[in-house]
Amino acid sequence: MTTTADENGDYTFAGLLPAAYVITPADYSDWSWNPVERTVTVNSTNGSATGQDFTATQHVYSICGTVHEGEAGLPGVLMTLEPASTAEGVRTVQTQSVTTGQTGAYCFENVPAGSYRVSPALTEYTFDPDERTATVNATNGDAANVDFAATLNLYAISGTVTEGEGGFGGVLMTLEYVLGPTRVGPRQVPGVTT
């Protein structure tokens, strides 16, 4: 005989004959129950049995990886975790964020079973891939090595030196690196000529 707990978690088996019964919650792979089962006797001496409660604990997992810039890890990358899709009735976490540490490593802890999108973000960087999907559950366990490669965006500055109506070739151009409002100093950039 089976019954389904309502939206409040309440359940009842009604119309039972006098006997001993074993009650067990269904075996959901990503949940455990305390207790695992209950043995209850209903009869004229004991009457009906109430308070035959079970506590559900959802198994949680971790999704971890590293963001690399070349051979080194890249610190300060904002990593975002969001559900990839949610089956009806499945409880998943909302969007979470963590920042990579000094070694470029990150880890999302206490993640309920499900499929998740992981994406990195850091100003002036692009990432390969731009997002990854990780699935954690009783079958797969934790997701490790959800890694990304970071590339610093590079830009160019160009123009034309003219004199009159024509180009003025052979002029050595100097580029100064400015960090915020402070000039760091002149830097000759080899090969930058017009």
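The values are calculated or read from the model by the stated rules, or taken from the named source; none is laboratory data. This is a predicted model, so every value here is computed, not measured. Here Cβ is always computed from backbone atoms with ideal geometry, including for glycine, and neighbour counts include all displayed protein chains. The accessibility values were calculated without ligands, DNA or RNA, using every heavy atom of the protein model including side chains. Shrake-Rupley method; radii C 1.70, N 1.55, O 1.52, S 1.80 Å.
With the whole protein complex present, Y11 retains an accessible surface near 70 Å², based on a 1.4 Å probe.
Per residue, the accessible area of the range 1-74 comes to 71 Å² when a 1.4 Å probe rolls over the protein heavy atoms.
Ranked by the mean number of other Cβ atoms within 10 Å per residue, highest first, peptides 108-116, 38-46 order as 108-116, 38-46.
As a calculated quantity, the FRET efficiency between T3 and S85 at R0 = 30 Å, using C-beta atoms, amounts to about 0.50.
Here, the range 15-128 is characterised by an Rg to Rh ratio of 1.29, where Rg is the alpha-carbon radius of gyration and Rh the Kirkwood radius.
Residues whose amide H falls under 5 Å from that of G104, counting only those 5 or more places apart or on a different chain, are L74, with hydrogens built in the peptide plane. Given +1 at the Cβ of Lys and Arg, -1 at the Cβ of Asp and Glu and no other charges, the dipole of the chain around its Cα centre is 260 debye to the nearest 20. Take the Cβ atoms of Q94 and D142, set R0 to 22 Å, and the FRET efficiency comes out at 0.65.
Peptide packing: for 63-72, 96-105, the average count of neighbouring Cβ atoms within 10 Å per residue gives the ranking 63-72, 96-105, highest mean first.
Ranked by the mean number of other Cβ atoms within 10 Å of their residues, highest first, the peptides 170-177, 132-139 come out as 132-139, 170-177. Working note: Karplus 6.51/-1.76/1.60 with θ = phi - 60° gives the range 109-126 the couplings 9, 6, 8, x, 3, x, 9, 9, 9, 10, 9, x, 8, 7, 3, 6, 10, 10 Hz, where Gly and Pro are set to x.
Computed from phi, the 3J(HN,Hα) profile of the range 158-170 under the Karplus parametrisation 6.51, -1.76, 1.60 (θ = phi - 60°) reads 9, x, 9, 9, 10, 9, x, 9, x, x, 10, x, x Hz, with x in place of Gly and Pro.
The modelled label-to-label distance between R117 and L78, using points 7 Å beyond Cα along the C-beta direction, is 1.6 nm.
Give me the percent of the accessible area of the chain that comes from carbon and sulfur atoms, probe 1.4 Å, all protein chains in place.
Its accessible area is 50 percent carbon and sulfur atoms.
In sequence order, the range 137-144 has phi-based couplings of 5, 4, 6, 7, x, 5, 10, 10 Hz under the Karplus curve 6.51 cos²θ - 1.76 cosθ + 1.60, θ = phi - 60°, and Gly or Pro positions carry x. Once the chain from N43 to V22 is taken as fully extended at 0.36 nm per residue, the excess over their C-alpha distance is 6.1 nm.
Counting Lys and Arg as +1 and Asp and Glu as -1 over every other residue whose Cβ lies under 15 Å from the Cβ of T12, the net charge comes to -3. Given H placed 1.01 Å from N in the peptide plane, which residues other than close sequence neighbours of L16 have an amide H under 5 Å from its amide H? Here nothing satisfies the definition. Within the chain, the proportion of Cα pairs with more than 20 Å between them is 72 percent. Between T95, A105, N46, the Cα set farthest toward the positive side of the dipole of the range 1-129 (charges on each charged residue's Cβ, about the Cα centre) is that of N46.
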